[in-house]
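Asks: This is the structure I want to talk about, given as structure tokens.
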Amino acid sequence: MLNYTRAAVSACLVALLGALAPGARADGGVKTNFEVMQAVIGEVCGELVSGIPADLPTREIRLAPFGRDERYEMIANVLTRTLADKGYQVYLFAAAAGGDSTTAPDTTSVAKSKTGMMLEFQTIEFSLRYPKIYRSFLVGGKTVKRSGDVRVLAKLVEPANGHVVWMAEASSSYDDQFSHDDLAEVEAGLYAFTKPPRESRNWGKIVEPVVVSGIIVGLIYLFFSNQGD
């Protein structure tokens, strides 16, 4: 009975110390927030471009985003690449089609073409967030749940008369989770959206060390008590 108790206490100590150790990644890597949103935007743009009528009178398209912030910059980049892969000649329109951005358009890279169709697009949803940061057990490493959503409305307009020849909406989402230890790697990048707010529970920082210390002290006490017996 004594040997059984010692073995049980020792096993508890080993399990507790293992839980306190930083968690390892299952696949040896984790997608950055930038990579996640790039993939989601790619799915949205792919769906939109695949829906463009094949009988357009021209293969020249000028992009007209409703804003000039980092969301529209990233979407425009992916949309340009997607259209180019389909054989379209892509240009950036001289001014934003709407007014949801305070940043002035960069006219230095704007195409001067007056022909072609104008593709207006508006971001209905663009979000990257951490819905939950939690521990699977009372102690041990944290896990971060991640969610990304993009929804874009687009329409093709004839510049000469403003006639809308096509309009569509596409959306895509992404959900996964990763170790809290990987946050620095996950949030790498210059875009502000790659660093969403993190859930903060200050009380946990105080309670957890107390609980862990109490468990460890109790197990050590039991271990040496059995040694003495």
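No lab work stands behind these numbers, since they all come straight from the coordinates. If you're wondering where the values come from, they're calculated on a predicted model, not measured in any experiment. Cβ coordinates were reconstructed from backbone atoms using ideal geometry, including for glycine residues, and neighbour counts include every protein chain displayed.
Asks: Quickly work out the HIS163-to-ASP176 label distance, labels modelled 7 Å from Cα along the C-beta direction, and quote it in nm with one decimal.
Replies: A separation of 4.6 nm, rounded to one decimal place.
Asks: Can you list the aspartates and glutamates whose alpha carbon sits under 13 Å from that of LYS31, skipping same-chain ones fewer than 8 residues off?
Replies: In chain and number order, the partners are ASP175, ASP176, ASP182, GLU185, GLU187.
Asks: Collect residues whose amide H, placed 1.01 Å from N in the peptide plane, falls under 5 Å from the amide H of GLU60; neighbours closer than 5 in sequence don't count.
Replies: So GLU60 has HN proximity to GLN89, MET117.
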